[in-house]
Each structure stands twice: as C-alpha cells, then as structure tokens.
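Step one of this worksheet: look at the structure below.
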Amino acid sequence: MRHQTPRIDRAEFTRIGRWMWAALRRSLMWLGFVTPRPESGKSAVYRIAVWVLFVPAVLGVGLYLFLKFGIAVGARWPVTDADEIANNQERFDHTVRGGLCTALITAFFTAALPEEVLYRSVVLAAQRRKSGTWISVSVVAVLALAVFAWVHIGFGTGNVVSGLVVGTLCTAIALYTRSLWPAIVVHGVYDAIIMVSWALSV
C-alpha cells in the first residue's frame with residue numbers, strides 16, 4: 001500500500017501564519033519597536049520623519065561633538081592599559097578591514113541595534129507597566145545604564161564615560177518617545193561618525 005503524503009489544509013496554514021505574525025508583532029511592540037508617541041495628533045509619517053530621523057540624527061551628531069570637543073573624553077581619560085589598548089586596536093582593525101560599508105553596518109546593526117534592544121527595551125517595558133511608577137522606571141533605567149556603562153570597561157575609562165553619556169541620552173529619548181527607534185538612531189549615528197572616521201583614516 002502506497003504511503004500518501006498528507007495534504008496541507010490551506011485554511012489551517014493561513015491561521016497558523018496569522019497567529020505567528022501576530023505573535024511577532026506583539027514581541028516587537030513589547031521591545032519598543034513602535035511609532036514614536038510625541039505629537040500623536042500628527043501623522044505617522046511626520047512622527048517618523050521628526051522623531052526617528054531628524055531629531056535623533058541631530059542628537060547623535062551633537063553627542064559626538066560634545067564628547068569629542070566638549071569634555072574631550074580621549075584627552076581627559078587616555079587609554080594606557082595594555083589590555084584596553086589591545087581591545088581598542090582589535091575593534092579598530094575589525095571596523096576598518098571592511099571599509100566604509102563595514103563601519104556603517106557595525107555602527108547600526110552590530111552595536112546600536114542589539115545594545116538598545118538589550119538595555120533600553122527593559123526600561124520601556126517598565127514604563128508600560130500599569131503598576132509602574134516613576135520611581136520603579138528610574139530604578140530600572142539606572143540599573144540598565146550602569147550595566148551598559150560597565151560592559152564598556154574593557155575599552156578604558158573614557159569609553160565608560162562615553163557609555164554613560166550616550167546611555168543617558170538614549171534612555172531619555174526612548175522614555176520621552178515611548179519607542180526604541182529614536183534611541184537606536186541616536187546611538188547608531190554617534191557610533192557611525194566614529195567608525196566612518198576610522199575607516200576613512202586608513
């Protein structure tokens with residue numbers, strides 16, 4: 001007797017597909033991948049143009065200028081430890097090896113996107129809780145910020161200071177807009193300026 005291949009029930013297949021899409025959307029929304037909330041009376045296109053593109057890009061450039069020339073992080077906290085020098089050199093070599101394209105991909109998709117999902121989505125989740133107060137949101141934000149700065153310790157004190165400043169601004173804009181997108185763009189633009197300058201220096 002021949003074995004018959006079971007037929008796929010298209011209605012069942014569609015129902016499962018819709019359920020998976022809904023679950024994915026809920027997960028992304030929980031992480032903070034939503035349209036920014038400020039000026040909610042405006043269209044989604046306007047809010048995306050202003051709060052995902054323009055404002056974060058300006059903040060990212062301003063952040064770079066502030067850290068580079070305002071507090072002069074590199075001059076104030078030079079890297080002198082051999083391990084920290086090796087870590088910075090390894091990051092530099094990886095970034096410049098692939099040129100401009102690698103620098104941009106690293107800035108946005110290897111650094112900004114995963115780090116913002118990891119350290120800012122928990123703050124947004126605390127903000128969305130119905131039982132959450134400004135105290136509980138502040139505690140979560142400070143803890144996430146401390147961990148974010150601490151993971152940069154292998155690159156030197158200056159990198160920890162930069163991490164604190166970048167993390168504070170990204171946390172603030174994420175909480176204000178109730179969205180992860182602006183924080184990703186601020187972080188990505190800041191990192192992109194640094195990494196593109198590395199790529200163009202060789």
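The values are calculated or read from the model by the stated rules, or taken from the named source; none is laboratory data. None of the values given here were measured: they were computed from a predicted structure. Every residue, glycine among them, receives a Cβ derived from its backbone with ideal geometry; neighbour counts consider all protein chains shown. To get the accessible areas, we keep the full protein, side chains included, count just its heavy atoms, and leave off ligands, DNA and RNA. Shrake-Rupley method; radii C 1.70, N 1.55, O 1.52, S 1.80 Å.
Summary of computed values
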{"item": "Helix runs (DSSP H) in the chain reaching 20 Å along axis by Cα, Kyte-Doolittle at least 0.0", "result": "113-128, 134-150, 157-177, 181-200"}
{"item": "Carbon and sulfur %, accessible surface of segment 22-172 computed with the full protein complex present, 1.4 Å", "result": "70"}
{"item": "For segment 8-55: accessible area per residue (Å², 1.4 Å)", "result": "80"}
{"item": "Selection from H94, P36, V58, by position along the positive dipole direction of the chain (Cβ)", "result": "P36"}
{"item": "Qualifying trypsin sites (Lys or Arg not before Pro) for segment 9-48 [loop in DSSP, other Cβ within 10 Å: at most 15]", "result": "K42"}
{"item": "Surface per residue (accessible, 1.4 Å probe) for segment 129-172, Å²", "result": "55"}
{"item": "Convex hull of segment 9-85 built on C-alpha atoms - directionally averaged projected area, nm²", "result": "10.4"}
{"item": "Relative contact order %, segment 75-202, counting alpha carbon pairs below 8 Å whose residues are six or more apart", "result": "40"}
{"item": "Cα-based convex hull volume of segment 64-140 per residue, rounded to whole Å³", "result": "148"}
{"item": "Cα-Cα separations in the chain greater than 22 Å, expressed as whole percent", "result": "56"}
{"item": "Kirkwood-Stokes translational diffusion coefficient of segment 126-202, alpha-carbon pairs, 37 °C, 0.692 mPa s, µm²/s", "result": "239"}
{"item": "Highest-MSF residue in the chain out of F13, F109, F33 [GNM, Cα springs under 10 Å]", "result": "F13"}
{"item": "Estimated [θ] at 222 nm from DSSP helical runs (n ≥ 4, -39500 (n - 2.57)) normalised by residues in the chain, nearest 500", "result": "-22000 deg cm²/dmol"}
{"item": "Of A11, A72, A86, the one that fluctuates the most in a GNM where the chain has Cα springs shorter than 10 Å", "result": "A11"}
{"item": "For E84, solvent-accessible area (1.4 Å; no DNA, RNA or ligand), Å²", "result": "40"}
{"item": "Modelled FRET efficiency - R0 25 Å, S43 with R128, Cβ distances, 0.05 increments", "result": "0.60"}
{"item": "Computed FRET value (nearest 0.05) for R97 with L53, which takes r as the C-beta separation and R₀ as 22 Å", "result": "0.15"}
{"item": "Check: segment 6-115 dipole with +1 on Lys, Arg Cβ and -1 on Asp, Glu Cβ, in debye", "result": "820"}
{"item": "Farthest positive-ward along the chain dipole, Cα basis, beta-carbon charges - from T14, A174, V139", "result": "T14"}
